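To keep things clear, I will list the structure first and then write my remarks on it.
Only the coordinates and a few stated rules stand behind these numbers; no lab work does. Just so it is clear, the model here is predicted, and its values are computed rather than measured. Positions of Cβ are backbone-derived with ideal geometry, glycine not excepted, and every protein chain shown enters the neighbour counts.
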Amino acid sequence: MTASPESVAAAIEAARAASDKLAQDIVALDVSEQLVITDVFLLCSAANDRQVRAVVNGIEQRLHEVGIKPIRREGETEGRWVLLDFGDLVVHVQLAEERIHYAIERLWKDCPFIALPADVTEGQKAAEPAS
């Protein structure tokens, strides 16, 4: 069983909203084979607690516009790692150092990545500092 098309579409909308708020390292994982409670994890990083909140608010607003409301929101007080539970989609917005420390991608390494559209992935490349 793979993630439902509705879950994938919601993840893509959330990824676009995160990208619009300059989130980095945006990835989507199909966790439907491993978890019964959700289909997709969307992970992204932010530079500071204010940006974490901006990304969270942007995602909630975008998904609300398409009729998807969160079931639960956790971690907003600290602004270091906010979890948004939309049922079949769970979004993790983390400070970059939290993301490295907890390494969710490593924990779920057996789950396939969901391809995100170019407007999300290209936006990340444009925001990366030049070397």
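Observations on the structure shown:
- The helix-based estimate of mean residue ellipticity at 222 nm for the chain, built from -39,500 (n - 2.57) per DSSP H run of four or more residues and divided by its residue count, is -12500 deg cm²/dmol to the nearest 500.
- As a length-normalised measure over Cα pairs under 8 Å and 6 or more apart, the relative contact order of the chain settles at 30 percent.
- Under 12 Å, Cβ to Cβ, from E74 - net charge with Lys/Arg +1 and Asp/Glu -1: 0
- Full-extension gain in nm, E65 to I104, via 0.36 nm per residue minus C-alpha separation: 11.2 nm
- Span-rule helices in the chain, defined as complete DSSP H runs reaching 18 Å or more along the axis (Cα) with Kyte mean at least -0.5: 5-20
- Using 0.36 nm per residue and subtracting the Cα-Cα separation, the extra length available between D25 and R80 on full extension is 18.2 nm.
- Just so you know, the Cα atoms of segment 5-121 work out to an Rg and Dmax of 12.7, 34 Å.
- Around G58: net Lys/Arg minus Asp/Glu count, Cβ-Cβ under 9 Å: 0
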